[in-house]
Amino acid sequence: MSRASVESTIWIFLILVAFGTTLTGQAAPPANGAEAPATTPAAQSAAVSDPAQIFLAGQNALNSNRLEEAERDFRHVLAIDPNSGAAYANLGVVYMRRKQWTKALENLRKAEHLMPQVPGIRLNIGLAYYRQNEFLKAIPPFESVVRDEPGALQPRYLLGLCYFFAERWADAADTLNPLWSSESTQPSYLYVLSIAAHRAGKKDLDDRATTQLIKTGEDSPEFHLFMGKAHLNLQQYDEALADFQAAAAADPKLTFVHFNLGLTYLKKQDYEKARDEFLKDAAIEPDLALNYDELGDVYSLLEQDTHAEKNYREALRRDPRLINSYIGLTKIYQRQQKFQQALTAINAANKLDPNRTDVHYLRGQVLMHLGRREEGKKELETSVRIDNERRAQREKQVESGTLPSPELLEDDQ
C-alpha cells in the first residue's frame, strides 16, 4: 500500500466524520439532463459560507494536488469554524506534500486535539516524523495507531521500520512478524525481518525470513540488492560486493544499488571506487542527499577538501538535518584553521542533536582554538560525561555499524 493511498483513506474518513450529515443533505442534480435552475445571489452567498461546500472544494483540490487552492479552502473553513479538526488534518496533509514539516505537525497536532479518536491523524503525525528520519519521535504515534488498529498493515510496517532504525531489534521482529501472510513476497520486508531477527537472537525467525528471501527473489536484481545489504550489515563485505555487483549487472539503473556499492567500497577502504559508485547513484537519484553526504566523506578521506566541502554543502541543501555533513564541514574548517566557520557548522550539528559526544568534543576543540577556553573545557567535559553515561550503547553502535538504508524509506510500502 502506498503512502498516497493511505492518506486518501484518511481524508475520506475525515470528511465523513466532520461533514457526513451535511454532505448527504445536498440536493441531487436535475434528472434527464434538465438545466439546473439559476442560482440566486442569496444562494451563492449561502454556498460561500457553507463550510461543508468549501471543505468539499478543498478536498477535490487536494485530490488533484492543487495545493494552493486546497490550503485556501481549508483555511476558509477554519475562519468559519475554528474547531474543524478535519480542516486542520487536511491542512497538515497539504504541508506534508510540500515537505513543510513544521507547519504539517502544527496543524496535525491541532487536529489530534480536536479529534483524538481518529487514528488516521496520528498516523500522519508519525509519517511527518518518519519522513524527516526522526524515528524515535515517530514511534509513539505509530504505536498508538497499532494499538487501535492491530490488523492495519501500514502503521504496523512503519512502526517495525522505526524500531529497526532505532536498533530495537526484538521489537522490530515482533512487530513485523504478524505481517508475514501479506508481506512475505516482498524482498524489503524479508530483509528487514531477517536482520532484526538475527540481531535479536531469534534464530528460527531469522532462518525462516532468509530462506523465504532466497526463495522469493529468484535471482532478481532486487533480491541481490537486499541480500547484499544483509551481508553488508553483517560486515561480510566480499559477499555484499558480489551481490551488489550482480544486481548492478542485471539492472545498472536499479535505485540504490550503486549507493550500496559505494558503502561497500568505503568499508573496504577503496575510496576511489566508492566515489565512482556514489557519483553513479547521484546520476540516478539526484535528489538523494545521502549520496552527497557520503561523497563528502570520501573526498575528505582522499584529502580533497574543496570537493568534500562542495558535496557536504550539496547534501545540506537537500537535507539540512544531516549531522554528518555539519561534522564533516567542521573538520575541514579545523584543518584550514577557519575556526569561526567551524564553530558555525558544529553549532548547527549541536542544535540538531545535543547529546552526541563527537559533537561536543569537536565544539570544545574549536572553542579552545578561538581562545574561549572555559567554554571549550566545559564542552570537552560534557563529551566525557555523555560518553561515560552511554558507553554501552556507543560501543554497540561501533560494533554493529548501523548503515544508512534509503532503499527502506521509499513510498512503496
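Bear in mind these aren't lab numbers, they're just calculated from the coordinates by the rules spelled out. Being a predicted model, the structure only gives us computed values, none of them experimental. Cβ atoms come from the backbone with ideal geometry, glycine included; neighbour counts cover every protein chain shown.
Work out, in µm²/s and without decimals, the Stokes-Einstein translational diffusion coefficient of the range 70-218 at 37 °C, 0.692 mPa s, Rh from Kirkwood over C-alpha pairs.
Estimated diffusion coefficient is 200 µm²/s.
With a ≥ b ≥ c the root eigenvalues of the C-alpha gyration tensor of the range 321-395, is it rounded (a/c under 1.5), prolate (a/b larger than b/c) or oblate?
Judged from the Cα gyration tensor, the range 321-395 comes out oblate (a/c at least 1.5, b/c at or above a/b).
Compute the signed sum of charges (Lys and Arg +1, Asp and Glu -1) over the other residues within less than 12 Å, Cβ to Cβ, of ILE214.
It works out to a net charge of -2.
Quick check: the distance between the Cα centres of the range 87-109 and the range 110-163, to the nearest angstrom?
With the range 87-109 and the range 110-163 each reduced to a Cα centre, they are spaced 14 Å.
When a/c reaches 1.5 or more, the comparison of a/b and b/c decides; with that in mind, is the range 281-364 rounded, prolate or oblate per its Cα gyration tensor?
Here the range 281-364 falls in the oblate category.
With N set to the residue count of the range 233-327, report its C-alpha Rg divided by 2.2 N^0.38 Å to two decimal places.
1.04
Please find the FRET efficiency linking GLU69 to SER49, where r is the Cβ-Cβ separation and R0 is fixed at 22 Å, and quote it to the nearest 0.05.
After rounding to 0.05, the efficiency reads 0.75.
Please give the Cα centre distance for the range 236-276 versus the range 313-391, rounded to the nearest Å.
Cα centroid to Cα centroid, the span is 31 Å.
Kindly rank 297-304, 171-178, 374-381 from highest to lowest mean number of other beta carbons found within 10 Å of each residue.
In decreasing order of mean packing, 297-304, 171-178, 374-381 become 171-178, 297-304, 374-381.
What is the Cα centroid distance between the range 208-225 and the range 172-199, reported in whole angstrom?
Computed from Cα coordinates, the inter-centre distance equals 13 Å.
Length gain on complete extension for the stretch LYS203 to LYS268, per 0.36 nm per residue less the alpha carbon to alpha carbon distance?
20.6 nm
Going down the list LYS215/LYS273; LYS273/LYS331; LYS203/LYS268; LYS310/LYS378, which pairs span over 30 Å between their C-alpha atoms?
Table pairs above 30 Å Cα-Cα are LYS215/LYS273; LYS310/LYS378.
Rounded to the nearest 0.05, what FRET efficiency do LEU153 and LYS377 give with R0 = 60 Å and r taken as the Cβ-Cβ distance? Could you check?
With a Förster radius of 60 Å, E is 0.70.
Can you work out the FRET efficiency for the pair GLN304 and ASP251, with r the C-beta to C-beta distance and R0 = 41 Å, to the nearest 0.05?
Result of the calculation: an efficiency of 0.85.
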